[in-house]
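Encoded as structure tokens, the structure appears first; notes follow it.
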Amino acid sequence: MTELPVVVVGAGPIGLATAAHLRERALDVVVLERGDRAGAAVREWSHVRLFSPWSELVDPAAARLLDAVGWDSPDAARFPTGGDWADRYLDPLAEALGDVVRLRHEVTGVTRLDRDVMVDSGRDEAPFVVHVRTPQGDLRLRARAVVDASGTWSGTGPLGGDGRPAVGEREASDRVSYRVPDLADPVTRERYAGRHVVVAGTGASAKTALIGLARLPGARVTWLVRRAAVGDAFGGGEQDQLSQRGALGEQARAVVSGDGVTTVTGFRTERVERTGERLAVVASDGRRVEDVDEVVALTGFRPDLSFLGEVRLDLDPRLQAPRALAPLIDPNVHSCGTVYPHGVRELEQPERGFYPVGMKSYGRAPSFLALTGFEQARSVAAALAGDREAAERVELVLPETGVCGGAGTFDDAPTTGGCCSVPAGPALVQLGRAD
Ligand SMILES: Cc1cc2nc3c(=O)[nH]c(=O)nc-3n(C[C@H](O)[C@H](O)[C@H](O)COP(=O)(O)OP(=O)(O)OC[C@H]3O[C@@H](n4cnc5c(N)ncnc54)[C@H](O)[C@@H]3O)c2cc1C
């Protein structure tokens, strides 16, 4: 087994960071990426500006690897777009890692050699077999461990309030988008300018869309919010230790209180109807939003578990995140979005040697930060190298959102206990990386 590489699924920010940490630990690694470039998912939101500065978007092991090849590092205090992140960091990092990064390699299955998910016998000693689709045909790679950093970008949530597509949603697919519109693109601008646009969702993407759409000439925006009150959806404002995240919330608050945006709370979409050239969006309680031209549904992301059917997972039934991680990130319990650093202990699965990391590890939960993923990558690489002490050490403190004591995100009534009570374990000390 020790002769075999660790296979990392996905060459996004966290998959590549994992590869950099594994390389520092002198472990063989192969990174399989289904896109034709590293950071394929990030490139799809190239136009979105991140609320984290460069200083929080570069993994330390990746920086060491890049510095060794004379990397032109960006200004740590500036805020890149997704496109900048991919061009200036992910591409050079993939290049520095070399031919271990295999593009157009889509993972379609992960198994144990000769064993389906039911078989106990010899399971932990059997290598993993990673099933891969490439333009040249299918292949299988053996691995000593598998780190799933495949993200959740392709698993967009539907408009339907119960988590399934609303009746008529698919039929209206020409008018429903699940991505933050790129309003600098003339074609997209044309699509939304002067129209009545419904925006559904309360996360950072929905706020970004609201701000952009409300500023378009002649656009009328209706904001659909599933919960009973907007509450702390705008975040912690100046209290947010990530200033641009706070500012995004404040801008959205200002836009929403202006004339161009109508907010409808407690709206759980059940149907989308076509009325001539336009749509009507209908809630399960019968309320209707009429004369709609376009819908932008930004209701969160879901993990793709389809290629993990032969892997023994222990996921939280609500979040589809590792059971030990779920209490730290569950929006049913707290709305603050502050997450405490964690590593291999929270990520380990009954399938020994299989680790979900990055956005994928959060399942459906929001609030993932790249910094969190870099710490996961460091910890998992240490564990794979047999350095359990380093794996369990927490080397990171994370920025808090500044939203405290509110109701859970989906609650209609306040919950008890607030949201920012620090769980047993590592304390938050200050923003930034610990010495
Ligand atoms: C619009 C937006 C803005 C964000 N802003 C911030 C921010 O300001 N600060 C911050 O800290 N975080 C931010 N995030 C959250 C997070 O840091 C990013 O989503 C980050 O890209 C997550 O990295 P990842 O490597 O886990 O997943 P991804 O970036 O999604 O990478 C996963 C990779 O896996 C590949 N892949 C998927 N399935 C397969 C498969 N079956 N086989 C092979 N390859 C596969 C994909 O093509 C992709 O390249 C933002 C997220 C979004 C969507």
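Inside the stretch 226-241, can you point out the residues that are in contact with a Leu (Cβ under 8 Å, 6 or more places away or on another chain) and under 16 Å from LYS207 (Cα atoms)?
Selection gives GLY235 alone.
Please work out which residue is farthest from VAL31 (Cα to Cα), limiting yourself to the stretch 123-138 and to residues that are among the charged types (D, E, K, R) and assigned to a strand (DSSP E or B). Give the steps one after another, and end with the answer.
Taking the stretch 123-138 first, the residues among the charged types (D, E, K, R) are 123-125, 133, 138.
If we keep only those that are assigned to a strand (DSSP E or B) as well, we get 133, 138.
Numbers: ARG133: 14, ASP138: 16 Å.
It comes out as ASP138.
Within the group GLU44, GLU24, GLU3, GLU33, which residue is closer than 17 Å to VAL357 by Cα and acidic (Asp, Glu)? Show your work before the answer.
Numbers: GLU44 fails: closer than 17 Å to VAL357 by Cα; GLU24 fails: closer than 17 Å to VAL357 by Cα; GLU3 fails: closer than 17 Å to VAL357 by Cα.
Exactly one of GLU44, GLU24, GLU3, GLU33 is closer than 17 Å to VAL357 by Cα and acidic (Asp, Glu), namely GLU33.
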Scanning the stretch 338-360 for residues that are hydroxyl-bearing (Ser, Thr, Tyr) and farther than 22 Å from VAL129 by Cβ, the one surrounded by the most Cβ atoms within 10 Å (Cβ to Cβ) turns out to be THR338
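Let's see how each residue does on (1) near the ligand (Cβ under 9 Å from one of its atoms); (2) closer than 30 Å to PRO181 by Cα; (3) modelled with pLDDT under 95:
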site	(1), (2), (3)
VAL7	no, no, no
ILE14	yes, yes, no
ARG25	no, no, no
ARG37	yes, yes, no
GLU44	yes, yes, no
ARG49	yes, yes, yes
TRP54	no, yes, no
PRO60	no, no, no
LEU65	no, no, no
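Rundown of residues vs (1) modelled with pLDDT of 95 or more; (2) within 30 Å of ALA17 (Cβ to Cβ), yes/no style:
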{"position": "ARG164", "(1), (2)": "yes, no"}
{"position": "TYR178", "(1), (2)": "yes, yes"}
{"position": "ASP182", "(1), (2)": "yes, yes"}
{"position": "THR202", "(1), (2)": "no, yes"}
{"position": "SER205", "(1), (2)": "no, yes"}
{"position": "LEU216", "(1), (2)": "no, no"}
{"position": "THR222", "(1), (2)": "yes, no"}
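Only one of VAL339, VAL333, VAL311 is part of a loop (DSSP other than H, G, I, E, B), of a type in the set (Val, Ile, Thr) and closer than 24 Å to GLU395 by Cβ; which?
VAL339
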Of everything in the stretch 106-149 that's in contact with a Gly (Cβ under 6 Å, 6 or more places away or on another chain) and within 11 Å of the ligand (Cβ to nearest atom), which residue is nearest to LEU22 (Cα to Cα)? ALA149
Long-range neighbours under 7 Å by Cβ, at least six apart or interchain, first residue among the polar types (S, T, N, Q) within the stretch 18-29, second in a helix (DSSP H, G or I) and surrounded by fewer than 24 Cβ atoms within 10 Å (Cβ to Cβ): none
Residues (buried (at least 20 other Cβ atoms within 10 Å of the Cβ) and touching a strand residue (DSSP E or B) at 6+ places or on another chain (Cβ under 8 Å)) located in the stretch 304-319: LEU308, VAL311
So TRP71 ticks every box in (1) within 15 Å of the ligand (Cβ to nearest atom); (2) free of Cβ contacts under 8 Å to residues at least 60 places away in the same chain; (3) among the aromatic types (Phe, Trp, Tyr) but one. Which box is left unticked? (1)
Regarding the stretch 278-289, can at least one residue be identified that is surrounded by fewer than 20 Cβ atoms within 10 Å (Cβ to Cβ), basic (Lys, Arg) and not in a loop (DSSP other than H, G, I, E, B)? yes
Identity of the residue in the stretch 361-389, free of Cβ contacts under 8 Å to residues at least 12 places away in the same chain and either in contact with a Cys (Cβ under 8 Å, 6 or more places away or on another chain) or part of a helix (DSSP H, G or I) (or both), that ends up surrounded by the most Cβ atoms within 10 Å (Cβ to Cβ): ARG388
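The values are calculated or read from the model by the stated rules, or taken from the named source; none is laboratory data. As the structure is a computational prediction, the values presented were derived from the model and not from experiment. Cβ atoms come from the backbone with ideal geometry, glycine included; neighbour counts cover every protein chain shown.
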